[in-house]
Amino acid sequence: MKSSSRPAILGLVLIIVVIAFIAVVNNDKKEAEAANPPAKEDPCKIVAFSYLLALKEGNPIGFGYWKTGTTPTKLFNVRDYSEITHGRFVHPNGTPYKVPRSYYQYDVQSSTQGGFAIRKRWNVVMEPGTKGIGNQPCAIVELTAAE
C-alpha cells in the first residue's frame, strides 16, 4: 500500500465514524422524545392568560372569553400579572360544582376604578369544556378575589 493512500483511507474511516456517531445521537434523541412527549398546554391556562393580556392591552376581545349568560368582570388599568397557582375550584363548603370548575390564580397590578394603584390576587374561575362567547374550549365564569 502506498503511503499517499493512507491519509485518504484514514479520512474515509473518520467520516464513517462521524456519521455513525451522529446517527447514534439522533436515535437517542428520538427515543428520549418518544419516552417523554411534550406536555399539551391546558386550554384554560391559555384563556386565563389571554383574558388578562386583553385587559392589559385594552382590547375588548377579553369579554369573548366569558361564558354566554354570565356578566363579565373587568379589572381597571392592568399593568402586570403573574400566575401563582391553579387547581379545582369548589364551593366554600368544599363540595364541587355540578359542572366542574378550575381556577388560575394571578398576582395582578392594576388600579381601582378611581385610579389608585393596587396589587391584588385574583382567581380566574373557568368551566373546562364549556365554550366561551368567542368559542374557546374553556369559558370564564367568575373573577374572584383570592384569599
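Derivation of every value follows stated rules applied to the coordinates shown; laboratory data play no part. All figures in this text were calculated on a predicted structure; none of them were measured in a lab. No Cβ is skipped: glycine too gets one built from the backbone with ideal geometry, and neighbour counts run over all protein chains shown.
Could you compute the FRET efficiency for residue 99 and residue 49, with r as their C-beta to C-beta distance and R0 at 25 Å, rounded to 0.05?
Working: r = 22 Å, r/R0 = 0.88.
With a Förster radius of 25 Å, E is 0.70.
Taking only Cα atoms of region 43-145, what ratio of Rg to Rh do you get with Rh as the Kirkwood inverse-distance radius? If you can, show how the numbers build up before the last one.
Details: Rg = 13.1 Å, Rh = 13.7 Å.
Over the Cα atoms of region 43-145, Rg/Rh equals 0.96.
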Completion exercise
Packing-ranked peptide list from 101-112, 85-96, 52-63, highest mean Cβ count within 10 angstrom first, is 101-112, 52-63, 85-96
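Got the relative contact order for region 43-145 handy, in percent, Cα pairs under 8 Å and 6 or more residues apart?
Working: 218 pairs, mean separation 30.5, N = 103.
The normalised contact order for region 43-145 reaches 30 percent.
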